[in-house]
Amino acid sequence: MPDTPHLPAVFTNWFESRNWAPRAHQLELFANVRAGNSALLIAPTGGGKTLAGFLPSLVDLHQRSAADKRKAGAAVSSGSSGLHTLYMSPLKALATDIHRNLEVPIEEMGLSIKLETRSGDTPSHKKQRQKRLPPDILLTTPEQISLLLSDKNAARLFADLQFVILDELHELVTSKRGDLLALALTRLRKLAPNLRCIGLSATIAHPDDLRAYLVEQPLSQQVNLAEIVQAKGGAKPHISILETKERLPWSGHSCIYALPEIYEEIKAHTTTLVFVNTRSQAERLFQELWRINEETLPIALHHGSLDVGQRRKVEAHMAAGQLKAVVCTSSLDLGIDWGDIDLVINVGAPKGASRLAQRIGRANHRMNEASKAILVPSNRFEVLECQAALEASEAGVQDTPPLRQGGLDVLAQHIMCVACAAPFEPEKLYEEVISSQSYRHLEYDLFVKAVEFVATGGYALKAYDRYAKLRPTKEGLYRVSHPQFAQQYRLNSGTILDAATLKVRQVKPRGPNSKRPLGFGGKMLGEIEEWFIEQLAVGDTFVFAGQVLKFEGLKESEAYVSRSASQDPKIPSYQGGKFPLSTYLAEGVRSFASDPHSWSSLPGQVREWLELQKEKSQLPEYERLLVETFPRNDKHYLVCYPFEGRLAHQTLGMLLTRRLERAGLHPLGFVATEYSLALWGLRDLGLAITSGRLRLDELFEEDMLGDDLEAWLSESSLMKRTFRNCAMISGLVERRHPGKEKTGRQITINTDLIYNVLHEHEPDHLLLQATWTDAATGLLDISRLGHFLSRIDKRITHSALSRVSPLAVPVLLEIGKEPIFGSATEELLADAADDLLLEAQL
Amino acid sequence: MSVNRQLQPRVEPSYRQPVPVCHDLSLGQELVGLHDSGGLWWPEEQTLVVSDLHLEKAASIAKTKGVMLPPYDTAATLEKLAALIDLFSPRRVICLGDSFHDSESSARMPAAYRAMLATMQLGREWIWITGNHDPEIAPSVCGERFEELSISSLCFRHEPNEDADCGEICGHLHPAAKVRRMGRTVRRACFATNGNRLMLPAFGALTGGLNVMDNAFSKVFAERRFSVFMLGNGRLFPFTASKLISD
């Protein structure tokens, strides 16, 4: 570590005035950055992380302005020519936090620093002014940086850039926004030779990934790493699993059984954060808590789909200490300092050890006090998961995923961005792109294909050369062929969106036969995923924003709803924000389930359940796959226990269904949970296995990821949805035409057709490659399924039973609650059409 | 051994198998067959009808908007049409308008596609009904042009005519229908008819569909009295309008 330079007096005085002393990690980071290095700070929330990140920038700005004052004779101040510091964060609740961490210190120290924000919502006149007269510090998003980089004056704007501060970097790098940011950083390093990157992160499994992300990588194999500063960890948290007197449910995710106990805990603490995994769980739990809230404790709701205004209100009340509890999803996961939270309750499965650690970090921000957390499993399998998470936390294990490989669709967007600013030389741009850790392994051929994709669509059939958007000049530089294309890019970029969403607006209810048009101008309640609304018919009721709502209809990109008198929503859930169980915790669950010696720490009910399983069937062994078959109600079931998360299980279910179909066993459907998968049909599956007609080793053979997967994917709606996303990000289809907004709905039709044509005629096209990569890790979780299949290859145990086993009960109870897959669309249609024929004959 | 040639059954060449399956529908005074490809077969006149091919759509959009959609739509559409012609061996083919995505498309179409089209046209009558996208078709493209055409009791035009008396066959709106079953929805291109008028789905590979519950259809089929036949794989799925949902 370099020698610690002293903070200017203004700063030390300010710390003293607050009775604070700068923390060791704050000074260490400051020293590293002053020495000209980029650095990564790893610290728990509440460690003054954001201030630590800003300290080098504030001191530098202060000293610049002091120097300016000294040579007061000079007319112009030097610091105002361009941007000095960029700050980026994935946080939605950024405004509140920045105020506390930045505006207050600046004001109290009397620093003359201009601070501004810029996002998609910033009015265009302000955006224009920011380009002309940039502030010292700009708080913004990766998309906005890309847009600024596409400006013709980008070189001037960023020439004097000193610092880029990336808050919650561990979260930023997990998505395509992280890819976009990685590419933007390569550009910024070229434009601003003095640039230093400061990454702020929670504790993660692979800190070197982030260290490499922050700095330029050489063309050789060697890896450059940013300096690392690690804050001393605070006291170990007190985590416990709720000891319930109630009966633990077999299945489900509602935790209603524990409601009174959760309520008692809320009463006994000052402020409690109640974390749940999905928005529907948040809605449900919030309603149920209020149903028993006899003392009308101030309990609020916070999730990412709610209207911004409503969220801000909750955050403000929270900061003012007026709330007793907030029921929230990951929208509150990230590093907001809320002060007086003394308890975190995690309802449902923790899903990942690091995720849990970050949630628990919300409680008690005085670093040396222990946070207190209670885990509430919502069913018996989740008890195992909670126990695994608890042990991981005690051992300090992290299970964040490794750094993702940069997406090709994002690369295409970046190429257009660079071209809009100035003509570029492909070889030089390639070297620039692979200087980022995310795109290090990109082959030159693939890069060239991406350039061709931007220019002409990159099709093997060179049909569009005469319409090319990028054309080589005599000097071999690529330039945008018409200003219209640059304008198109600016309107369409910045669309790293996960799912098309619709705004939810509350209107007055309409009678069933009313011809009156839907009223508009009602209150905005938030946003909801398009696919959920697509499943609704007018008149259906569902829970959203803490109330039961009736769907009234759809107009452009808004869903109209009215308040419903009904207590029981007809459409039970919508699963916003589901993420699969981490591989690490999955292993923990597998090991618990297989090893009776480890059961002493489990609650009695769960122990008995597992004992019973051992007696009636057998325990799933750690390195093997257990497959059970049994008849029930005229149907024959096959249940297996891969413990690989719902997404991988769904994909597995689709593929097994196809194989069983081919074997002539006519499966009827399947349902998947986080831990197991159940398939059923009218034929005796157990008999087929014992008689040797169906071989399990063959059924679960890894080659299902070849042709079967290919055949299924060509018609999978998940694949088409993934493709749509890639098509939009890469700029193939427009999100907006100048002057007219295209809604997500219209795009659906078009991209599905494009997908069909492309899949048939050029299956190895760049965009399909990008789609495939996304699907492998995203909605289909193919990579995880692949690991699983090779792990259990020839290691399958069959247990033929005469009735349902204890371990199979949870997944069978999910039938009817979870969507059932397996019956093809054609059969659905035939079924519906046959109904009609029957009716006609009556 | 003498063979009475007239009584000998005609041997179908094997590539003609399987025999085309159509859903019979009586329209005006004629019996027509709806095929799951979206084409219409009129056995009496040995006539095949398709609508809204939108040939060269991707190229047209690439040229005018710089959006580079896959340039395979024309080939895909022509291949599908060729297969259909192979299946029915029609004496006459009627394209119900919007056959080309814009007025220059017919002239701009690459030689390979022109050859494909010319091959299909050999030995049969070919009729282009003009549509709003292709009021002009380049003279180099063979086939007769009509704004509308009556044969027997049927009338063929691109856009539905509000006061057509009966037996109208049209396209233009790209009908598609959506049904819900067991919590899932299915949306497909479809034929739409009220017994007097039949609207064909768009045949082109890159042509989207408009939901028949959309207001644009209220003038075509008054008071939602119509049925649809959704395109399936090897069959059609009939529904009355009351069973359909909007987008």
### Query
Of these, A:Ser582, A:Ser573, which one is at pLDDT below 65 and within 22 Å of the chain's Cα centre (by Cα)?
A:Ser573
### Query
Of all residues in region B:231-247, how many are away from chain A (no Cβ under 11 Å) and either part of a loop (DSSP other than H, G, I, E, B) or surrounded by 21 or more Cβ atoms within 10 Å (Cβ to Cβ) (or both)?
0
### Query
Among the strands (runs of 3 or more DSSP E) contained in region A:634-738, which hold 3 or more residues that are closer than 20 Å to A:Ile782 by Cα and either away from every other protein chain (no Cβ under 14 Å) or in contact (Cβ under 8 Å) with a residue 40 or more places away in the chain (or both)?
A:667-672, A:677-681
### Summary
Here, strands (runs of 3 or more DSSP E) confined to region B:105-205 with at least 2 residues that are within 14 Å of chain A (Cβ to nearest Cβ) are B:175-181, B:184-193
### Query
Pick from region A:784-799 the residues that are outside any helix (DSSP H, G or I) and in contact with a helix residue (DSSP H, G or I) (Cβ under 6 Å, 6 or more places away or on another chain): which of them is farthest from A:Asp774 (Cα to Cα)?
A:His798
#### Entry: Subset of region A:575-627 [of a type in the set (A, V, I, L, M), buried (at least 19 other Cβ atoms within 10 Å of the Cβ) and assigned to a helix (DSSP H, G or I)]
A:Leu585, A:Ala586, A:Val589, A:Ala593, A:Val606, A:Leu610
### Query
Which condition does B:Arg91 not pass, out of (1) at the interface with chain A (Cβ under 7 Å from one of its Cβ atoms); (2) surrounded by fewer than 19 Cβ atoms within 10 Å (Cβ to Cβ), if it passes all the others?
(1)
## Note on the structure
A:Leu785 fails exactly one of (1) within 30 Å of A:Asp697 (Cα to Cα); (2) in contact with a Leu (Cβ under 7 Å, 6 or more places away or on another chain); (3) surrounded by fewer than 21 Cβ atoms within 10 Å (Cβ to Cβ), namely (3)
## Note on the structure
Note on B:Thr64: of the conditions (1) surrounded by fewer than 23 Cβ atoms within 10 Å (Cβ to Cβ); (2) touching a strand residue (DSSP E or B) at 6+ places or on another chain (Cβ under 8 Å); (3) of a type in the set (Val, Ile, Thr), unmet is (2)
### Query
For region A:1-44, what are the residues that are assigned to a loop (DSSP other than H, G, I, E, B), touching a Lys or Arg at 6+ places or on another chain (Cβ under 8 Å) and surrounded by fewer than 16 Cβ atoms within 10 Å (Cβ to Cβ)?
A:Pro2, A:Pro5, A:Gly36
### Message
Being farther than 21 Å from B:Phe229 by Cβ, at pLDDT 95 or above, buried (at least 24 other Cβ atoms within 10 Å of the Cβ) and away from every other protein chain (no Cβ under 14 Å) is true for just one of B:Ser51, B:Ser99. Which residue is that?
### Response
B:Ser99
### Query
Taking interchain pairs and intrachain pairs at least six residues apart, which have beta carbon atoms under 6 angstrom, with the first residue in region B:62-75 and touching a residue at least 24 places away in the same chain (Cβ under 8 Å) and the second of a type in the set (Lys, Arg)?
B:Asp73/B:Lys57
### Task
Considering every residue within region A:465-481, establish whether at least one is buried (at least 18 other Cβ atoms within 10 Å of the Cβ), away from chain B (no Cβ under 13 Å) and under 25 Å from the mean Cα position of the chain (by Cα).
no
### Summary
Contact list, first residue from region B:143-166 and farther than 15 Å from B:Asp52 by Cα, second anywhere and loosely packed, with under 12 Cβ neighbours inside 10 Å, beta-carbon distance below 7 Å, six or more apart or interchain, is B:Ser153/B:Gln29; B:Glu162/B:Lys219
### Task
Only residues that are in a helix (DSSP H, G or I) and surrounded by 19 or more Cβ atoms within 10 Å (Cβ to Cβ): list them for region A:267-309, please.
A:Arg279, A:Ser280, A:Gln281, A:Ala282, A:Glu283, A:Arg284, A:Leu285, A:Phe286, A:Leu289
### Summary
Checked region A:169-198 for anything outside any helix (DSSP H, G or I) and farther than 25 Å from A:Gly778 by Cβ; matches are A:Ala192, A:Pro193, A:Asn194, A:Leu195, A:Arg196, A:Cys197, A:Ile198
### Task
Quick one: which residue in A:Phe453, A:Phe447 is away from chain B (no Cβ under 11 Å), in a helix (DSSP H, G or I), surrounded by 19 or more Cβ atoms within 10 Å (Cβ to Cβ) and aromatic (Phe, Trp, Tyr)?
A:Phe447
### Task
Considering each of B:Ser37, B:Ser51, B:Ser89, B:Ser105 in turn, give the residue that is polar (S, T, N, Q) and under 30 Å from A:Tyr489 (Cβ atoms).
B:Ser105
## Note on the structure
Within region A:800-842, restricting to residues that are in a helix (DSSP H, G or I) and modelled with pLDDT of 80 or more, the one that is farthest from the other protein chains (Cβ to nearest Cβ) is A:Pro806
## Note on the structure
Checked region B:206-230 for anything assigned to a strand (DSSP E or B) and either among the polar types (S, T, N, Q) or more than 10 Å from every other protein chain (Cβ to nearest Cβ) (or both); matches are B:Asn211, B:Ser227, B:Val228
### Query
Are any residues in region A:106-159 part of a loop (DSSP other than H, G, I, E, B) and farther than 26 Å from A:Thr186 by Cβ, and if so, which ones?
A:Gly110, A:Leu111, A:Ser112, A:Ile113, A:Lys114, A:Asp121, A:Pro123, A:Leu133
### Query
Can you name the number of the only condition in (1) within 14 Å of chain B (Cβ to nearest Cβ); (2) at pLDDT 75 or above; (3) in a loop (DSSP other than H, G, I, E, B) that A:Ala486 fails?
(3)
### Summary
The one condition A:Arg745 fails out of (1) at pLDDT below 85; (2) more than 14 Å from every other protein chain (Cβ to nearest Cβ) is (2)
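The values are calculated or read from the model by the stated rules, or taken from the named source; none is laboratory data. The structure presented is a predicted model; accordingly, all values stated were derived computationally and were not measured. Positions of Cβ are backbone-derived with ideal geometry, glycine not excepted, and every protein chain shown enters the neighbour counts.
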